[in-house]
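Q: Have a look at the structure that comes next, please.
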């Protein structure tokens, strides 16, 4: 009967998935597989009572979830203590072996730069898939995990009935580049690195989109009440046989080591060879093989005593310098940018890198044709760190910094005590005008929907807009002059501008684009002076009395409001109804007592901007980097490795999302 055929198809398709994704030995064509899958989907539509969340049909997604349930882990998901020092690692190995009281075998394996995941199987069926969360609880993202084709949804008869398998969800470089290419083509923001992309994808509400994105996984830890494993190696061999993707011994992604010398050889090999991997790593994990010894050594409150993560230093690549071009920012700052021979680095193809300023060019003694060493600062922004002089061509021309603006030709200036050169032609230099307008309409400023960078380019090029207030003066007919701007686009822009009049004063102040006045400074000034008129008339001494406002920021504010053109612009914005008076947010408090927080990771109950707002509205302060003045690292899923290491080094207290919500009284 048809129901028997449904069950038979599920079993057959599970087997084909295993052969294709695990054994890399497909037994039927893609076309034949798709035909069987369509037949299964048709039968499942006829027999809805036979629904199975682990059916092969669930691989393509389609479920939409409004929220992810927070579930307690069966066993805490501890984080590993880590080190960037080979000496510290050697001391850890020596200490662990002494505690073990016997000779031990070590496992050295790659540390995947992705999102930690825990898979629960009951009666050999996948029932839960939890993120790490705060280590005690995680989000159940099962509906999205089921779209990862390499992960088994059902286990073979020789697997235990109850099983927990942990690992990492990752993007391969190939899939990551394809995802970013699609997003760029659609005019969407691209992801900074594969880890961020994986984290964002796992939390998507539409599983069909998750399926299209093509996540991968690698599993490396096993727990079961029904079966005990004598060693880490035995456990990996078992789950490999049951269909899980695991670290490849053939490719040396995992290796058994008898002593610290072999461990160091493994680390040195992958420190230099990691750019040839199909996925991103940020180090290696060293752990004792024996399960009995692991259990005897136990764990601290935060991490096991039998394992440590060794973090590689920032990845570098050597590539030729083809040219140096110059970008003009919205404040007139001139930034030199290196044009490079494309090279893979930390999960992306790097074609350009920042050189910061003229002093950096001189310090590096840059010549065109030089082979330069490029690395990613904080694993995101590429920068040139040194030059290989041995590879310099004999006739290589020296890089000389510009004397005039590359866009308007105005002679550049360099202010005393500042590193950057500036174009002083603020209102006649097109990149500056466009930059200020783009800054004004940005979502963190006035958040004007319907006006993007291409629209701003047209508005400025047509001479319709020179200042932000000009946007509010545009008529329907003027908007209609823009290419591809029809009635719907015009209506969206006008409605976006109308809604922007509800934006609070602190964001209006930020949107003005005063040099050195970022989001945080704008909030401090708005709260302190309460009204734009009080800020306009503030003295240097008064400004410097505001917390974290130094002489440079104070001088910049004074110069801005000393310009009659800027005061006229303020009057026009006031006339258009923009908020020029501070109003405390509903529910604001001083419960955090002025303590400084650094935020890192992805959160369940807050967006990235939302958790910053929650800190500030409750009397806390936000800092971008961990320092001795930091009180808390507010840590979500996937904390940045550099921030994590600095926090551990300085003894900065970790604060989970749930602890933070309890502190501010937001536990609903």
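Q: Somewhere in the range 229-248, is a residue buried (at least 17 other Cβ atoms within 10 Å of the Cβ) and either modelled with pLDDT under 90 or farther than 22 Å from residue 119 by Cβ (or both)?
A: Checked against the condition, which is being buried (at least 17 other Cβ atoms within 10 Å of the Cβ) and either modelled with pLDDT under 90 or farther than 22 Å from residue 119 by Cβ (or both), the range 229-248 yields no hits at all.
Q: Is it the case that some residue within the range 315-325 is part of a helix (DSSP H, G or I) and either touching a helix residue (DSSP H, G or I) at 6+ places or on another chain (Cβ under 9 Å) or within 19 Å of residue 110 (Cβ to Cβ) (or both)?
A: Looking only at the range 315-325, we keep the residues that are part of a helix (DSSP H, G or I), and these are none.
Checked the range 315-325: no residue is part of a helix (DSSP H, G or I) and either touching a helix residue (DSSP H, G or I) at 6+ places or on another chain (Cβ under 9 Å) or within 19 Å of residue 110 (Cβ to Cβ) (or both).
Q: Related question: Identify, from the list 568, 631, the residue that is touching a strand residue (DSSP E or B) at 6+ places or on another chain (Cβ under 6 Å) and more than 25 Å from residue 115 (Cβ to Cβ).
A: Numbers: 568 fails: touching a strand residue (DSSP E or B) at 6+ places or on another chain (Cβ under 6 Å).
The match here is 631.
Q: Here is a further query. When both residues are 6+ apart or on different chains and their Cβ atoms are under 6 Å apart, which pairs have a first residue that lies in the range 186-210 and is in contact (Cβ under 8 Å) with a residue 40 or more places away in the chain and at negative phi, and a second that is surrounded by fewer than 19 Cβ atoms within 10 Å (Cβ to Cβ) and not in a loop (DSSP other than H, G, I, E, B)?
A: Listed by first residue and then by second, the contacts come to 205/64; 206/64.
Q: If you go through the range 161-175 one residue at a time, do you hit one that is at pLDDT 90 or above and in a helix (DSSP H, G or I)?
A: At the first step, the residues of the range 161-175 found to be at pLDDT 90 or above are 161-172, 175.
Okay, now just the ones that are also in a helix (DSSP H, G or I), so 175.
For the range 161-175, residues at pLDDT 90 or above and in a helix (DSSP H, G or I): present.
Q: Is the range 139-148 home to any residue that is closer than 20 Å to residue 220 by Cβ and either at pLDDT below 90 or surrounded by fewer than 20 Cβ atoms within 10 Å (Cβ to Cβ) (or both)?
A: Checked the range 139-148: no residue is closer than 20 Å to residue 220 by Cβ and either at pLDDT below 90 or surrounded by fewer than 20 Cβ atoms within 10 Å (Cβ to Cβ) (or both).
Q: Counting just the residues of the range 596-619 that are part of a helix (DSSP H, G or I) and free of Cβ contacts under 8 Å to residues at least 60 places away in the same chain, which one comes out farthest from residue 530 (Cα to Cα)?
A: 608
Q: Oh, and also: Any idea which residue in the range 639-668 is surrounded by the fewest Cβ atoms within 10 Å (Cβ to Cβ), counting only those that are assigned to a loop (DSSP other than H, G, I, E, B) and modelled with pLDDT under 85? Don't jump to the end; show me each part of the working.
A: From the range 639-668, those assigned to a loop (DSSP other than H, G, I, E, B) are 639-640, 651-652, 665-668; that's our starting set.
Narrowing the set further to residues that are modelled with pLDDT under 85 leaves 639-640, 665-668.
On the way: 639: 20, 640: 22, 665: 11, 666: 13, 667: 9, 668: 5.
Filtering first and then ranking leaves 668.
Q: Given the structure, is residue 272 loosely packed, with under 15 Cβ neighbours inside 10 Å, closer than 13 Å to residue 93 by Cβ and modelled with pLDDT under 95? Steps first, answer last, please.
A: Details: loosely packed, with under 15 Cβ neighbours inside 10 Å: yes; closer than 13 Å to residue 93 by Cβ: no; modelled with pLDDT under 95: yes.
The answer is no for residue 272.
Q: With the requirement that a residue be part of a strand (DSSP E or B) and modelled with pLDDT under 90, what does the range 286-308 give you?
A: Quick first cut of the range 286-308, residues part of a strand (DSSP E or B) only: 286-288, 290, 299, 304, 307-308.
Selection gives 299, 304.
Q: Here is a list: 257, 218. Which entry is touching a residue at least 40 places away in the same chain (Cβ under 8 Å) and closer than 22 Å to residue 19 by Cα?
A: 218
Q: Quick one: which residue in 337, 343 is at pLDDT below 90 and within 19 Å of residue 192 (Cβ to Cβ)?
A: 343
Q: Identify all residues within the range 27-69 that are buried (at least 18 other Cβ atoms within 10 Å of the Cβ), closer than 30 Å to residue 637 by Cα and modelled with pLDDT of 80 or more; write none if there are none.
A: Correct list: 68 only.
Q: Residues that are surrounded by fewer than 19 Cβ atoms within 10 Å (Cβ to Cβ): list the helices (runs of 4 or more DSSP H) wholly contained in the range 439-513 that include at least 1 such residues.
A: On the way: elements: 453-461, 468-473, 476-479, 487-500, 505-511.
Counting at least 1 such residues, we get 453-461, 468-473, 476-479, 487-500.
Q: Being in contact with a strand residue (DSSP E or B) (Cβ under 6 Å, 6 or more places away or on another chain), crowded, with 17+ Cβ neighbours inside 10 Å and either closer than 30 Å to residue 533 by Cα or assigned by TED's automatic domain parsing to the domain that holds residue 534 (or both) is the requirement here; does residue 636 meet it?
A: no
The values are calculated or read from the model by the stated rules, or taken from the named source; none is laboratory data. Keep in mind that what you see is a predicted model, and the values were worked out from it rather than measured. Glycine gets a Cβ as well: all are built from the backbone with ideal geometry, and neighbour counts include every protein chain shown.
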